[in-house]
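The values are calculated or read from the model by the stated rules, or taken from the named source; none is laboratory data. Just so it is clear, the structure is predicted and the values come from calculations on it, not from any experiment. Heads up, the Cβs are rebuilt from the backbone with ideal geometry, glycines too, and the neighbour counts pull from every protein chain shown.
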Amino acid sequence: MLHLHNTGPGLSETHNDITVLGAQRERRAHRVDSRRLVGPEEGIAVLNDRIHIHKTQQGTDHADLAQDVRYGLTGIPKTLPPKYFYDERGSELFEQICDTPEYYLTRVEHGLLQDVVNDVVALTDPAVIVELGSGSSKKTEVLLRAAIDEVSPLRYISIDISEQALVEAGERLIRRFSPLTVDVLVADYENGLNHERVRNGEGNKLFVFLGGTIGNFEHDDAVELISSIRAQMDDDDRLLLGADRVKDTAVLDRAYNDEEGVTAQFNKNVLRVINRELDAAFDLESFEHRAFYDPHRARIEMHLVSRLSQQVTISALDLTVGFDRRESILTEISRKFTVESLARLFREADMVIERHYEPENGYFSLIVARPQ
Ligand SMILES: C[S@@+](CC[C@H](N)C(=O)[O-])C[C@H]1O[C@@H](n2cnc3c(N)ncnc32)[C@H](O)[C@@H]1O
């Protein structure tokens, strides 16, 4: 059973009779050339005629990392952008987080998507699905399965900075869904959205942003990101967005403090990345993971707290960073939304919410929105 907020003409209050298309839509496995990405740093690799890999350097290169680390660790308070968690190991750790019993987000969003997918596909009728921060694209399979039909080809464009996760997902998807073609864009959101593969193409586009990742942005930045998605949309295009909701503090705190310590490893991975890429000397044992829900700001804050007073050298930046005992680096925020705060977000980005789905416990939202 799920609730549907009535945001458009002719919609009912509740919506509980949706059937999910089954595995009969899966196609015969299609063998893929297992070569990894070869060729120039920036360019296109064709693994077979149904998957193209496009690499852009922007957003993932050294110059950005160096600049962001210098800026973040010399500021007060110290901060680091969350995108640097996601090297190959970070992406694997994120997948493991999704499987922890405490991290309800993935399971709830997946279940909700299964319940509403036919309605989403009927409403949006996509020829192209463009996903931001797609990672392993596991939940997206639900959407692809429902959107692929016998007559019209479906194109999937995945955008992520995590190359390994993207390529593995792209290969898996073309094996699983044979009428599908895939464009993998190794790029940050901004460069991905402006890529010619996204700008061009026939038919309705459905932009997808799942996982509650919108919560990693401060309000103004979230409005800016949704506005830049909107800037790529025609009147018939739609955005499907997943957002985590305000709920019991204990449930939220547990989700970011799993007993096995996977989230702690994920958090510390950013220091590993900086050690490797910028020749830094962070001792991971001397930092501890701290994550808590701040009800006033309706967000989880994730920190790395220095256990002692220490100096850390970052050779590639010719920089030494001093930490007081218990001083922390803010590594991620994860904002939690209400129906009202989501409505405000879309309104400020000049988008109209057409559907707002939630499970019975109101743990998560899936929203379909169109340009105003
Ligand atoms: C929280 S995970 C969500 C993954 C997936 N969408 C899901 O729902 O499970 C965020 C994803 O966004 C990617 N990402 C983070 N920052 C990014 C950026 N600035 N540009 C592009 N991708 C980014 C990460 O590599 C990761 O795959």
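Residues are listed down the side, and each one gets a yes or a no for (1) surrounded by fewer than 22 Cβ atoms within 10 Å (Cβ to Cβ); (2) free of Cβ contacts under 8 Å to residues at least 12 places away in the same chain; (3) part of a helix (DSSP H, G or I):
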| position | (1), (2), (3) |
| --- | --- |
| VAL223 | yes, no, yes |
| SER227 | yes, no, yes |
| LEU241 | no, no, no |
| GLU259 | yes, no, no |
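For the stretch 182-226, filtering for residues that are over 18 Å from LYS139 (Cα atoms), within 11 Å of the ligand (Cβ to nearest atom) and of a type in the set (Val, Ile, Thr) leaves 1.
Residue-level check: of (1) out of contact with any Ser or Thr (no Cβ under 6 Å at 6 or more places or on another chain); (2) on the phi < 0 side of the Ramachandran plot; (3) more than 9 Å from the ligand (Cβ to nearest atom), ASP125 misses just (2). With respect to GLU190, determine if the residue is of a type outside the set (A, V, I, L, M), surrounded by fewer than 22 Cβ atoms within 10 Å (Cβ to Cβ) and in a helix (DSSP H, G or I). Judged against the criteria, GLU190 is a match. Being among the hydrophobic types (A, V, I, L, M, F, W, C), over 21 Å from the mean Cα position of the chain (by Cα) and closer than 27 Å to HIS52 by Cα, is that true of even one residue in the stretch 107-119? Among the residues of the stretch 107-119, not one is among the hydrophobic types (A, V, I, L, M, F, W, C), over 21 Å from the mean Cα position of the chain (by Cα) and closer than 27 Å to HIS52 by Cα, which makes the answer no.
Residue-by-condition table, conditions (1) among the β-branched types (Val, Ile, Thr); (2) assigned to a helix (DSSP H, G or I); (3) under 22 Å from PHE209 (Cα atoms):
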residue	(1), (2), (3)
ALA63	no, yes, no
VAL69	yes, yes, no
ILE97	yes, yes, yes
GLY111	no, yes, yes
ASP119	no, yes, yes
ILE129	yes, no, yes
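Looking across THR56, THR60, one residue alone is within 10 Å of the ligand (Cβ to nearest atom) and at pLDDT below 95. It is THR60. For the structure I just gave you, tell me whether MET351 is assigned by TED's automatic domain parsing to the domain that holds PRO126 and out of contact with any Cys (no Cβ under 8 Å at 6 or more places or on another chain). Judged against the criteria, MET351 is a match.
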